[in-house]
Amino acid sequence: MKKSMLFVLALVFVLACALPAAAKDYKVGVAIYQFDDNFMTLYRNELQDYMKSLETDDEKYDITIVDGKNDMAEQSNQIDNFITQGMDVIILNLVQTSSADAIIDKIVANEIPLILINREPLGDDGDESYAGILDNANVCYVGADARQSGTYQGEIVAELENHGDINGDGKISYIMIEGDPENIDAQYRTEFSVKALVDAGFEVEELDDQVGNWAQAKGQEIAANDLSKFGDAIEVIFCNNDAMALGAAAAIQAAGRKVGEDIYLLGVDALAECVEMVENGEMTGTVLNDHIGQSHQAVDAAIAALHGEELQNYYWVDYVKVTK
Ligand code: BGC
């Protein structure tokens, strides 16, 4: 080899060593069931901010977040696109947990790590966790155990001086405003709030149980109808989330009723406006659904998967009772 050639090769080698290695750029696909959801808005913003804050000179995260518009077909297309775009990891907030198998299988077949969030997938029988898929080291669920939030709602009522029995007839008469019944959070909160009262030895009377689909306007409509139908007989309004409790609070005010005096109102999430309402007595209580803890855990799991680490089946984040 000629001397000049050797010199050029040596120069290339020295330059290559001196140049910083290019940062690894990971593609992260985040599919949210619906942007128009108070809680999931807080969640997705925190998720994005937190993941960006973890970027280093060596590692960057190119995050794409899409809105499933509460439409399973739309979300299924979005996942197809994520696969075509070669996402390195997918964070998925399912629209429909009961028909999750197909969408999950697709992602798994393409060997893309999958972090399921907020809506725990159900098994074929509709009431067991879709545990089989979570056994896969590339798949996990990050969430909070909704049984705990329901129990806390019931306990808040049980701990009141009159235990929610305002008219002293020996029973707690309530209406239940449910989230999307597809969602295990709605099922468990509905069941366990009442169970906590019964387990504590109280008699309960359900005046009404209706689906408000997590939405404020629907919560208001249901509460308004029930307040005019059942009047003073309603002692407690349980809402599966705070958005619907905000609606119910407006209906309570319009009906001339007063929380803490002639009615009690419970939510879940601890949205900032609801925590303020608990503080000034406009709501009896709520339960912190820790969107910060959950979104951080989801991101940590996603990054672990990007680094080739095995995922646990579940990562649970605790709820916290919020009262005055
Ligand atoms: C939250 C609701 C939210 C739902 C979306 C629940 O955990 O409490 O506010 O609408 O998740 O799936």
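Set side by side, the residues Ile117, Ile83, Ile65, Ile90 differ, and just one is outside the structural domain of Leu265 (by TED's automatic domain parsing), among the aliphatic types (A, V, I, L, M) and more than 25 Å from Ile292 (Cβ to Cβ), which is Ile83. Considering region 314-324, and only residues there that are under 17 Å from the mean Cα position of the chain (by Cα) and not in a strand (DSSP E or B), the residue that is farthest from Phe238 (Cα to Cα) turns out to be Val317. For region 191-214, the tally of residues that are in a helix (DSSP H, G or I) and within 16 Å of the ligand (Cβ to nearest atom) stands at 3.
Go through region 215-245 and report how many residues are outside any loop (DSSP other than H, G, I, E, B) and surrounded by fewer than 24 Cβ atoms within 10 Å (Cβ to Cβ). Can you show your working first?
Quick first cut of region 215-245, residues outside any loop (DSSP other than H, G, I, E, B) only: 216-233, 236-239, 242-245.
Right, trim to surrounded by fewer than 24 Cβ atoms within 10 Å (Cβ to Cβ) and you get 216-218, 220-221, 224-233.
Residues that pass the stated criteria total 15.
For region 279-303, a residue qualifies if it is of a type in the set (Gly, Ala, Ser) and open to solvent by less than 20 Å² (accessible area, probe 1.4 Å), and the qualifying residues are Gly285, Ser295, Ala298, Ala301, Ala302. Scan region 43-63 for residues that are crowded, with 18+ Cβ neighbours inside 10 Å and within 16 Å of the ligand (Cβ to nearest atom) and the total you get is 4.
For region 84-97, the criterion of being within 16 Å of the ligand (Cβ to nearest atom), more than 15 Å from Ile303 (Cα to Cα) and part of a helix (DSSP H, G or I) is met by at least one residue. Within the bounds of region 169-178, is there any residue that is open to solvent by 40 Å² or more (accessible area, probe 1.4 Å), assigned by TED's automatic domain parsing to the domain that holds Ala270 and either modelled with pLDDT under 95 or under 30 Å from Val142 (Cα atoms) (or both)? No; the residues of region 169-178 include none that is open to solvent by 40 Å² or more (accessible area, probe 1.4 Å), assigned by TED's automatic domain parsing to the domain that holds Ala270 and either modelled with pLDDT under 95 or under 30 Å from Val142 (Cα atoms) (or both). Residues in region 269-312 that are in a loop (DSSP other than H, G, I, E, B), in contact (Cβ under 8 Å) with a residue 24 or more places away in the chain and over 14 Å from the mean Cα position of the chain (by Cα): Gly281, Glu282, Met283, Thr284, Glu310, Leu311, Gln312. Against the test of being open to solvent by 60 Å² or more (accessible area, probe 1.4 Å) and under 19 Å from Gly143 (Cβ atoms), the options Asn93, Asn110, Asn70 yield a single qualifying residue, Asn70.
The values are calculated or read from the model by the stated rules, or taken from the named source; none is laboratory data. This is a predicted model, so every value here is computed, not measured. Heads up, the Cβs are rebuilt from the backbone with ideal geometry, glycines too, and the neighbour counts pull from every protein chain shown. Surface accessibility is based on the protein's heavy atoms, side chains included, excluding ligands, DNA and RNA. Shrake-Rupley method; radii C 1.70, N 1.55, O 1.52, S 1.80 Å.
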